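Values in this text are rule-based calculations from the coordinates and carry no lab data. Everything numeric here is computed off the predicted structure, so don't read it as measured data. Don't worry about glycine lacking a Cβ; one is built from the backbone with ideal geometry, like all the others, and counts go over all protein chains shown.
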Amino acid sequence: IRTEVINWENLLSAGSWSKARDLGLLRTEGKDYVVNDGDVIEFKI
């Protein structure tokens, strides 16, 4: 399982998920990632 993670404030400032990706704001995390308050997560199963 892989996820793409971004803080909601960073996502809001980027304006869209694809723009955040272009700006390098998304992080790829694995199954051991501990979710933080404010994280927006897209699961890649």
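Looking at region 21-33, is at least one residue at negative phi, assigned to a helix (DSSP H, G or I) and touching a helix residue (DSSP H, G or I) at 6+ places or on another chain (Cβ under 9 Å)? Looking for residues that are at negative phi, assigned to a helix (DSSP H, G or I) and touching a helix residue (DSSP H, G or I) at 6+ places or on another chain (Cβ under 9 Å), one finds at least one in region 21-33, hence yes. Consider region 27-45 and keep the residues that are of a type in the set (A, V, I, L, M) and closer than 9 Å to Thr3 by Cα. The one that is surrounded by the fewest Cβ atoms within 10 Å (Cβ to Cβ) is Ile45. Pairing each residue of region 22-45 that is in contact (Cβ under 8 Å) with a residue 40 or more places away in the chain with any residue that is in a strand (DSSP E or B) and surrounded by 11 or more Cβ atoms within 10 Å (Cβ to Cβ), provided the two are 6+ apart or on different chains, yields C-beta distances under 9 Å for Phe43/Arg2; Phe43/Thr3; Phe43/Glu4; Lys44/Arg2; Lys44/Thr3; Lys44/Glu4; Ile45/Arg2.
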